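A short write-up of the structure that comes next.
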Amino acid sequence: MSNTEQRPYVPAKAVPTDYPLIDSDPHFKRVVAYARPGDYAVGAAAAAAGPGLMLTWEKFAPSYVGKGGFAPIMRLTGVIGLGAGFFMFYQRSILRFYGFTENKREVEMDMKEMVAKVKKGEPLYGTSTTTPYVQGMAARNSRYSGLFLHVIPWFNFVNHNQHGVDTAKYYQQAERELDAESTGRKL
């Protein structure tokens, strides 16, 4: 008798979107790596907004807190602003993985990355030291978590194979590319 409990595979729910789904539970590193320069700009603007507003309010309606009273407030506002800026940056990037916003660039990057992994014989979504049960639990807990990021910041740090997409497309594209390379023709 095995002490490993078998659980049924719970597939990701297919959410109808205007753009193709890349990954319903992308790893934290992929979300950050696929971010666009505009995501960084929006995140930086959101991070600077809090301290900027505090300085503006202090200029037009001084608080008269005395020496050393305004600096701690600015530090706190800066930290909160950095957190808000990061969440804004992360959410803009992860929404493209879900297919909620335009993601043509990310679809191409994903195809190149995954086909390269197929050609090298590597696992598509990395290797994991956790059990399949823990991988499944992590996938179920963090799937589409970017939509609720403003309430509970929940990121996927676990490598698993439950991403809500048919991975056959990567293998088929790798076959086409390898065939084209062997025959010397261009795709």
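The values are calculated or read from the model by the stated rules, or taken from the named source; none is laboratory data. These numbers come from a predicted model, not from an experiment. Here Cβ is always computed from backbone atoms with ideal geometry, including for glycine, and neighbour counts include all displayed protein chains. Heads up: the accessible areas ignore ligands, DNA and RNA and are worked out on the full protein's heavy atoms, side chains in. Shrake-Rupley method; radii C 1.70, N 1.55, O 1.52, S 1.80 Å.
Among the lysines of the stretch 48-143, pairs at least eight places apart or on separate chains and with Cα atoms under 28 Å apart come to 6. Taking Cβ atoms as reference points and 15 Å as the exclusive limit, the residues near LEU95 contribute a net charge of 0, counting Lys and Arg as +1 and Asp and Glu as -1.
Highest GNM mean-square fluctuation among PRO62, PRO11, PRO51, for the chain modelled with Cα contacts below 10 Å: PRO62. Rolling a 1.4 angstrom probe over the protein heavy atoms with all chains in place gives the chain an accessible area of 64 Å² per residue. The helix-based estimate of mean residue ellipticity at 222 nm for the chain, built from -39,500 (n - 2.57) per DSSP H run of four or more residues and divided by its residue count, is -18500 deg cm²/dmol to the nearest 500. For the stretch 36-153, the Kirkwood hydrodynamic radius comes to 17.8 Å, computed from all pairs of different C-alpha atoms.
When a 1.4 Å probe is rolled over the protein heavy atoms, the share of accessible surface on the chain that falls to carbon and sulfur comes to 63 percent.
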